[in-house]
Each structure stands twice: as C-alpha cells, then as structure tokens.
Amino acid sequence: MAKKRRKKKSLDLKDKRLPKLLGVLFLLIGTYLFIAFTSYLTTWKIDQDLVLRFSWSFLSQAGLEAANWLGRLGAIVSNMFMYWGFGLASYIVVAILWYTGYNLNMEKPFKVNLPFIRNGVIIMLFLSIFLSAVTPNAQFTFGGTFGDMISSWLYDFMGWAGLLFLFIAMLGAIFIWLADPNFKEMTVESAMADLKTGFYKKIYRKGYEPSPLPTKRTVPKKAAPKTLLPKSMMQALPKADDELLVDNKGQTALSLKEKLARAKKEALRAGEGSLEIEMPPQEPVVDKTPKEELPGPSVPVNSVNLERVQENEEFEPYDPKRDLSAYERPVLALLKDYEDQKQDIDRDELEAKKDQIIETLLQYKIEITSVKAVVGPTVTLFKVKPAPGVRISKIKNLEDDIALSLAALGIRIIAPIPGEGVIGIEVPNKKKAIVSLKECLASDAFRESKMQLPISFGKTIDSRVFVADLAKMPHLLIAGATGQGKSVGINVILMSLLYKKHPSQLKLILIDPKKVELFPYSGIDHHFLSFLPGSPEPITTETNKVIHTLNSLCIEMDQRYNLLKKASVRHIKEYNEKFIKRKLLPSNGHRYLPFMVLVIDEFADLIMTAGKEVELPIGRLAQLARAVGIHLVIATQRPSVNIITGVIKANFPARIAFKVTSKVDSRTILDGGGADQLIGRGDMLLSVGGDMIRLQCAFVDTPEVENVLDYISKQPSYPEPYFLPEFHGDDVEIQGSGGLKLEDLDDNFEDAARLIVSNQHGSTSMIQRRLKLGYNRAGRIMDQLEALGIVGPNEGSKPREVLIYDEIELERYLKDLKAKKGS
C-alpha cells in the first residue's frame, strides 16, 4: 500500500500546474534579462574590464562591485548576450520568454509558441548582422560579436553593393513570408494591411486551435460565430479538418449540399435568413411640355430678334439670350419611353443567387453575418458582411469561383465598399432593363440641377439617376471596345447639353474621322456648332482640317485668356457675370463667352495619321482651357499607351470605360482593373477624382437623336455660325514644280534628302517617322524633292524612285543649291 501511495505522489507530467510554474519562470527570467540588458546600455564601459577578464572566481570574490543594476550576475549575463552574442537584437530573447510564459499561463499548448520562437530567432539573427553592417566602426557593439563576425565575412566576400543587395532580398523574403501579399492588385495600403494581418496570423495564431473535450459518441463541437444562417444550418457545416459529423444516434452526417438544402428549407420555414432588398423610390417620368405628338416651334423659322438696346436700357443687365429670345428647348416628347423594357424584381432569382454566393464562400471556410441586395437596371449588388477575422483579400480572390457557381460573366468584387464596412459582389441580372434617356432627363436631379454643363449619364447600381458637371471634370476621356456603347454615350452627352443649354451659352466643336457618327448634328450649325470659316462642312472629318481646328481653338483659348486678364478675373464664370452686369463693355473689346465643348469621336485614328501635330494642341488645351470654358470629350476604341499618353492622362482626371477586351486596356484607361469584367451594352465605369462608379449608360436611339436635332433646326437661329479664329498653317501643299522657289524649301529638306539617298528608298512615311514630322509636312518635303529632281514621281503604293545614287553627288547638288540661294 505504501508503494502504491508513493507512485500516486510522484511527479505527474500531465499536471496543469507544471506549465503554469514554467510560464511564471519564463516571465521572471525575461524580466530579469530586460533589466540587465537595459542597465548594460549605460554601464557597459564601467563593467567591461571586470566581465572581459571573467573567471568563476569573479562570482565568489569579495570586494568586487559591478555597476549593473543586477550586480555581477547581471553584468555577466548581459555581457554574454549583448557583447558576445547578438547586441541589441538580444531583446528578442526577452520577447520570446514573455510570450511563451504568457501562453503557458493561459493554458495554451506549447506548439502555439513554436512559430513565434522560430520567426523571432530568424529576425534576431538578421537584425544582429544588419546592425553590425550599418555601424562598422562604433564603440558599442550594436550587433554583438556574432553580427560583427558574419557582417565582416560578408563584406569581404561580397562588398558593400552585394551586402546591400542581400539585405534587400532578405527583407523582401521576410515580407513575403509574413504578409503573403497579392501582387496582382497590391497597393501600399493593401500591402501594409497584409503585413499586419499576416504577421498576426503567422506569429500569434498559427498552430493554435482550442483543444476540444473528447467524447465517446460525437466529434468535438466548436462554438459557431454569429452568421447569416440559422442554427440548424450552422450545425450542418463541416469542420475545418473536413471530418464527417456524427449525430447522437451514431449515424454519419449528410453531405454538405444536402445539409445546405435541408437547412435552407428549415430557414425559409422558420423565417430566418431572408434576403433584404434595398430599392430606392422610382422617380416618375414627368413631361412638363404640352402633350402633343411632336410639338413644333411657336415662332416662324429663322425669325431672329435683332433689336438693339435702347438708351434707356443702357444700364440694364445684359441678356445673352436676347437675340434668340424665342428659342425653345427640346421637349421630352421627342424621346422614346421604353415602358416594355422596365425592370421587374425576381425575388426567387435573388434568393437563388444569394444562396449560391453563401455556399461558395462556405466551401472556402468564409463565414458571413448578413447579405443585402441592391437591385440595379443591369447589375445587382450583394452587400456581404464577413464574420470577424475573415481576410478581405481571401474573398477578393474568389471572383472566378463565384462567377462559375452563378454561371455568369462580369462578376466584380468591391472589397470593401467605402464607408459601409461591407464587401460588394456585383452580379449581372438575367433580365436587363433599358435605361431610357427620357427618364434620366425628366428626373429632378437633372431638371433642377444648377450645374454649368450638366450631363445625365444614366443610372447607378441602386437605380438612381446620375448627373455630373462637365465643367467640374473638366475634361472627359471615353474608351471602350467596338459595340459596347461608346457612340451612344457620346450622343447622351450631347443630348444632355442640348436639352439644358441655350445656343448663346454653348458651342460644340465636333470632330468625326469616321464621317458617319456625328453627321446628323450638322443641321444645327447656326445654333450650337462652331467651326473654321470657309469649311465646306460644319463637322470636321479631314485630318488636315482637324489640325487647323485644334490650333484655331488654341488661338480662341489665348484670346479668352487675354480678355480675362483685361477684366482682372480668373474664371469664365466671373468674366460673364461682370459682362452681364455691364462692367465690361464691348467697346473695349469684351464679349460674352459661351462654353465650348470639343468632341472627338475616334482619337486613335488622328494619332495614327497626324501624331504630334494633333497631340500637342490637345495637350495644350487640356492643360489650360478649363478656366476659359473650353472642355474636351475624347473617345477612342484603343486605350493603349501610345494613344492615351501620359500628358493626356494627367489632364483627364474624369474617365469613362465601357467594356474592354483585356486587363491591360482597363489599367490604361482607369489605372486599375474592372473594365474587362463589365457585361457590355452600356455597362460602364466612371472614374472621377479617384472614385469608381458603376453606371448603366442611358440609351438613345438614332431616330430619337434625329427628332431632337430636327426640332432644334426649325427653331430661330443666328444669321451665321459661331466661327473659330482663322488659322494659317505652314502645311500648304506645293502646286506643281513650276511654282517652287528656293526660299520656300523646308528647314528639314536637306536632312530628308540625305535620308532618302542614303537608304535609296523614297517613302513619305520614312521621312515622317525618322524626322518626327507630321504627315502633311513630310508630304510637302517629298513634293519638293520631286520638284528638284531628287526623287521620281509618285507610283501609287510603291516607293518613289531615287534619282541620285551617291551621297557625294547629293552633297555637291545641295552645295550648288545653297550657292544659287546666296546669289
């Protein structure tokens, strides 16, 4: 009996008191080392002689005192770590002891400490070497003897450059190990968040899971967090190790799919987990005009009120609409109302999509607490609130999986939605509604808008009409693949301006290289259009005329700035207010300045044909024209970097992206992804000031545009259009060789001649490319070369024949030309 009692009193390794005693010991040792290390920082010079001549007699020898706060033992221990060991990095030993002691006292298993110990040792070694490398000649050993030895060897072996490269590589490796970043869409903010979250998981939580209490019949249960699913459904979820659940009767559990289906039925039966749908109140389309089929103007065609201001009205405010006081804006009856295409909410479809999203997230162990649906015309936004501890990047990486489960294209995840604390998952609707321009223009947001140049683009994802001010943008860049709604978007912009502004307040400069998109607008040339005097058509289509138009618009900009300077104002709004109040007189050269909007339908074609001759005036207008009321709207099918250059992007903060074919195009136009995930047919992203807004562009058909333009063309108009200033370029073609004079030779004539003769290739494109000239100027130089007998006549698509075969002969020929010119 005595032997049995002694066995019971022997040491039990499973006793919970032992880890606690060990934890307290670790905490005390860590505190002791912290005090010793901290004291060493100020007393190392005093104790260095004693500890460097260390012998065991130092511990017992009487009469020796150490300056360390913990006496001789503290001086010895701190010297071993700080001098012979790892220097300041030795404090990591203190952190390891404290962390391990705390976890042991909290009854956590010892394996939870292993990641922290491993990573702490790695960081301590790296920090010791780094501190020694950056302080090579310091009296205090910041990195300890270990760091000094390793850094000295590395310096002799690799040199300073190699050592620096090694440190950068090690820092990158540590960052990747701790943060596990997503390089596809990484920013500085996301990188810091990943580092913080990854550091927490890698060091503090990795390897720790609560130890469940074993039972005979059931698998241990884990406390379920608050989620969207009812308790009956949460009990059906698999554990993290994917083991089968065992019920109280010993039967194996059902599969995940069967349990989700059963739990869903129970939830619907009990009224739990229902989907909350947010729908804003729809604004009725109110037409303020009389309900005639096609109301016409109430005044005779082209009857203009040209009465002058009488003497008794000299000090009355100037009315810019006075000359066309009888003009009436277009009415909404001219536009079509797509009543049969309006949206119906299918609750069963929304519930099915919600369940599929939940099931996909649960398969990846992502729990959520709530889901709300915001129904838009073409896309439904599901606002998902994840459970605490779920990483946002983990949900962001599941775009393709969610799209696969929903069998839908165009899935887009917003993680997180700014200001709401939820994650947005945009899912296309099966039945898409058409957003009519009539509905958008009839909304209170547009009718009551006080903006200078309001544009009703369409509806947001929550079915609200979106109106923006072009004057505040101040320029707009539009890109999108063919057939995705780009031309319709341009018509929406122009229609919005025509419905809101009077002809005296707005002038449009339209450039259409395709010659067919903007052609219907030529009928309102005496109302809203502005173009060069003498132009055969009000819509500019030819490349050389485009160059003249852009340079003429630059002259108009300079003239307006001179007027602002004379008026001592900084903006067109202030200038027009002064002019209306009669503070600026026409006798002094002042005039009322309408807003001018330049619209280019296909910018890529102009860049390909004219290059710098188009890009330079566009860049100048984009930089300077906003203050004088000139705004640019540029559209292109190819948002490549050679089309949308850095100068253009820097001055076009507002950009619209319809669906594009690749992520590269999306990054070019929006500086980020998303445009390649749109669903087309008017689905677009608007980027303004760093904010990204998804819109469904309003739809206006060609017959509707023609009805509006026909209505305006029958209104009273000005006697003549608003002409741009005249521009005389230097690219006038030479009419035959007989009229050529030596004084008219281009400055680059000799360089072009040497280029042609040296390559024996008479090509205008080669002159344009090598000498970086515009096409028209290169063609003029080629005509001069032909007139002077250096190249032969044009032979269609073939290169011209070079008539001078030797560069020496060419130099002699050029010398003779100079002599004739000098004489």
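The values are calculated or read from the model by the stated rules, or taken from the named source; none is laboratory data. On a predicted model such as this, the values are computed, not experimentally measured, just so you know. A quick note on method: Cβ atoms are made from the backbone with ideal geometry, for glycine too, and the neighbour counts reach across all protein chains shown. Only protein heavy atoms, including side chains, enter the accessible area calculation; ligands, DNA and RNA are left aside. Shrake-Rupley method; radii C 1.70, N 1.55, O 1.52, S 1.80 Å.
Run Leu593 past the list (1) open to solvent by 20 Å² or more (accessible area, probe 1.4 Å); (2) touching a Gly at 6+ places or on another chain (Cβ under 8 Å); (3) not in a helix (DSSP H, G or I) and report the number of the one that doesn't hold. The one condition Leu593 does not meet is (1).
Each row is one residue, and each column tells you yes or no for (1) free of Cβ contacts under 8 Å to residues at least 40 places away in the same chain; (2) open to solvent by 20 Å² or more (accessible area, probe 1.4 Å).
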{"site": "Arg754", "(1), (2)": "no, yes"}
{"site": "Thr764", "(1), (2)": "yes, yes"}
{"site": "Arg770", "(1), (2)": "yes, yes"}
{"site": "Gly792", "(1), (2)": "yes, no"}
{"site": "Glu795", "(1), (2)": "yes, yes"}
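Residues that are in a loop (DSSP other than H, G, I, E, B), among the aliphatic types (A, V, I, L, M) and either surrounded by fewer than 16 Cβ atoms within 10 Å (Cβ to Cβ) or at pLDDT below 75 (or both) within the range 54-84 comprise Ala62, Leu64, listed in sequence order. Among the residues of the range 639-667, those that are surrounded by fewer than 22 Cβ atoms within 10 Å (Cβ to Cβ) and free of Cβ contacts under 8 Å to residues at least 40 places away in the same chain comprise Ser640, Val641, Asn642, Thr645, Gly646, Val647, Ala650, Ser662, Lys663, Val664, Arg667.
Screening Val299 with (1) at pLDDT below 65; (2) open to solvent by 70 Å² or more (accessible area, probe 1.4 Å) gives one miss only, at (2). Determine, yes or no, whether Asn588 is within 30 Å of Lys772 (Cβ to Cβ) and either open to solvent by 50 Å² or more (accessible area, probe 1.4 Å) or within 23 Å of the chain's Cα centre (by Cα) (or both). Against the criterion (within 30 Å of Lys772 (Cβ to Cβ) and either open to solvent by 50 Å² or more (accessible area, probe 1.4 Å) or within 23 Å of the chain's Cα centre (by Cα) (or both)), Asn588 does not qualify. Of the residues making up the range 517-560, those that are surrounded by fewer than 16 Cβ atoms within 10 Å (Cβ to Cβ), of a type in the set (Asp, Glu) and either on the phi > 0 side of the Ramachandran plot or in contact with a strand residue (DSSP E or B) (Cβ under 9 Å, 6 or more places away or on another chain) (or both) number 1. All conditions but one from (1) closer than 30 Å to Glu706 by Cβ; (2) modelled with pLDDT under 85; (3) touching a helix residue (DSSP H, G or I) at 6+ places or on another chain (Cβ under 8 Å) apply to Lys342; the one that does not is (3).
Number of residues in the range 642-690 that are more than 25 Å from Thr380 (Cβ to Cβ) and of a type in the set (Asp, Glu): the value is 2. Restricting the range 459-474 to residues that are open to solvent by less than 30 Å² (accessible area, probe 1.4 Å) and within 19 Å of Val700 (Cα to Cα) leaves a set whose member that is modelled with the lowest pLDDT is Ser463. Test Leu695 against the stated conditions and say whether it is more than 29 Å from Asp400 (Cβ to Cβ), open to solvent by less than 10 Å² (accessible area, probe 1.4 Å), modelled with pLDDT of 90 or more and of a type in the set (A, V, I, L, M, F, W, C). When the stated conditions are applied, Leu695 does not pass them. Listed by position, the strands (runs of 3 or more DSSP E) contained in the range 373-458 that have at least 1 residues being open to solvent by less than 60 Å² (accessible area, probe 1.4 Å), touching a strand residue (DSSP E or B) at 6+ places or on another chain (Cβ under 8 Å) and of a type in the set (Ser, Thr, Tyr) are 379-386. A single member of Ser504, Ser463 is of a type outside the set (Lys, Arg) and on the phi > 0 side of the Ramachandran plot, and it is Ser463.
Filtered by the rule that a residue be in contact with a helix residue (DSSP H, G or I) (Cβ under 7 Å, 6 or more places away or on another chain) and open to solvent by 50 Å² or more (accessible area, probe 1.4 Å), the range 111-128 gives Ile123, Leu127. Of the set (1) open to solvent by less than 20 Å² (accessible area, probe 1.4 Å); (2) modelled with pLDDT under 90, all apply to Leu477 but (2). Could you tell me which residue of the range 40-53 is modelled with the lowest pLDDT, considering only residues that are under 17 Å from Gly143 (Cα atoms) and of a type outside the set (A, V, I, L, M, F, W, C)? Among them, the one singled out is Gln48.
Per-residue answers, yes or no, for (1) in contact with a helix residue (DSSP H, G or I) (Cβ under 6 Å, 6 or more places away or on another chain); (2) within 30 Å of Ser393 (Cβ to Cβ):
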site: Lys432; (1), (2): no, no
site: Ser443; (1), (2): no, no
site: Met451; (1), (2): no, no
site: Pro454; (1), (2): yes, no
site: His475; (1), (2): yes, no
site: Ala481; (1), (2): no, yes
site: Gly485; (1), (2): no, no
site: Asn491; (1), (2): yes, no
site: Leu494; (1), (2): no, no
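Looking across the range 459-483, the residues that are in a strand (DSSP E or B) and of a type in the set (A, V, I, L, M) come down to Val465, Val467, Ala468, Leu476, Leu477, Ile478, Ala479. Just a yes or no: is a residue in the range 116-124 polar (S, T, N, Q) and in a helix (DSSP H, G or I)? The answer is yes; a qualifying residue exists.
Inspect the range 143-153 for any residue being part of a helix (DSSP H, G or I), farther than 16 Å from Gly87 by Cβ and out of contact with any Phe, Trp or Tyr (no Cβ under 7 Å at 6 or more places or on another chain) and give the result as yes or no. The answer is yes, given that some residue of the range 143-153 is part of a helix (DSSP H, G or I), farther than 16 Å from Gly87 by Cβ and out of contact with any Phe, Trp or Tyr (no Cβ under 7 Å at 6 or more places or on another chain). Within the range 137-149, no residue that is closer than 12 Å to Leu88 by Cβ sits with its Cβ atom under 8 Å from a residue that is basic (Lys, Arg) and modelled with pLDDT of 85 or more at 6+ positions apart or across chains.
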